[in-house]
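Nothing in this text is a laboratory measurement; each read-out follows from the coordinates by a stated rule. Quantities reported herein were computed from a predicted structural model and do not represent experimental measurements. We place every Cβ from the backbone using ideal geometry, glycine too, and count neighbours over all the protein chains shown.
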Amino acid sequence: MVIGMLLLWILFNGRITLEILIFGIVICSAICLLLSMITSQNLFKIDQWMLKRIAYRLRYYGVLVVEIVKANLQVMDLILTPGEIEIKPVLTEFKSVLKHSKLNVLLANSITLTPGTITVDLDRDRFLVLAVDESFAEDLDQSVFVKELKILDDKDLD
């Protein structure tokens with residue numbers, strides 16, 4: 001909670017200086033201390049389960065950024081290739097192996113965030129994806145996103 005508030009403090013200030021950082025830490029810690037006294041909850045407690053959740057999510061977001069960059073390069077290559085290009089858009093459907101609906105939504109958004117693919121429909125665990133080219137639609141049900149989210153799904157960390 002303190003870290004989230006501190007990030008907002010820095011964002012609202014628009015710059016990072018030692019003075020802003022020190023005041024931010026003091027003010028955010030005081031607010032969290034006051035809130036924990038009012039609600040009788042320990043907001044400063046970080047347990048192993050919470051650290052694992054944070055680690056898995058950071059790992060997923062790293063994979064997402066890498067996949068977005070790779071997809072951008074593929075789309076740029078498709079566009080900038082000289083000569084006649086035969087682009088074959090395709091609408092493909094697949095079923096997800098993920099149990100949690102939140103993770104299916106995250107998968108749908110991840111597919112849409114990567115250039116060249118758009119999730120057109122999500123019905124529980126069935127996805128309908130439009131891809132700019134056939135090569136972008138290959139093995140969507142076994143993509144790196146599904147593998148990473150499956151780790152979260154198996155560990156019940158969503």
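Given Val65, Phe127, Thr92, which one lies farthest toward the positive end of the charge dipole of the chain, if we put +1 on the Cβ of every Lys and Arg and -1 on the Cβ of every Asp and Glu?
Positive-end residue among those listed: Val65.
Hey, what number do you get for the chain at 222 nm if only DSSP H runs of n ≥ 4 count, each worth -39500 (n - 2.57), divided across all residues, to the nearest 500?
-20000 deg cm²/dmol
With just the Cα atoms defining each centre, how far is the stretch 66-130 from the stretch 1-34? Give it in Å.
Their Cα centres are 38 Å away from one another.
Would you mind giving the average projected area, over all directions, of the Cα convex hull of the chain in nm² with one decimal?
In nm², the orientation-averaged hull projection of the chain is 13.0.
Can you work out the Karplus-derived ³J(HN,Hα) for every residue in the stretch 70-87? Use 6.51 cos²θ - 1.76 cosθ + 1.60 with θ = phi - 60°, whole Hz, and x for glycine or proline.
Each residue of the stretch 70-87 in turn: 4, 5, 4, 5, 5, 5, 4, 5, 5, 6, 8, 5, x, x, 6, 10, 9, 8 Hz.
Around Asp133, which amide H atoms from residues at least 5 apart in sequence, or from another chain, sit under 5 Å from its own amide H, with H modelled in the peptide plane?
Residues meeting the criterion, in which the H sits 1.01 Å from N, are Val90.
About the Cα centre of the chain, what is the dipole size in debye to 20, counting +1 per Lys and Arg Cβ and -1 per Asp and Glu Cβ, all else neutral?
Dipole size: approximately 900 debye.
To make sure I understand the rule: partners must be lysines, Cα under 23 Å from the Cα of Lys95, and not fewer than 8 residues away in the same chain. Which ones qualify?
Hits, sequence-local ones excluded: Lys147, Lys150, Lys155.
Could you give the length gained by full extension between Ile16 and Asp77, i.e. 0.36 nm per residue of separation minus their alpha carbon distance, to one decimal place?
In short, 18.1 nm is gained.
Can you work out ³J(HN,Hα) from phi for every residue in the stretch 6-17, in order, using Karplus 6.51 cos²θ - 1.76 cosθ + 1.60 and θ = phi - 60°, giving whole Hz and x for Gly and Pro?
5, 4, 5, 4, 5, 4, 5, 6, x, 7, 10, 10
Within the stretch 117-158, which trypsin sites (Lys or Arg not before Pro) sit in a loop by DSSP and count at most 10 neighbouring Cβ atoms inside 10 Å?
Counting only loop positions with at most 10 other Cβ atoms within 10 Å, the trypsin sites (Lys or Arg not before Pro) in the stretch 117-158 are Arg124.
Which is the longest part of the chain that has none of the GluC sites (Glu not before Pro) sitting in a DSSP loop with at most 10 other Cβ atoms within 10 Å?
1-83
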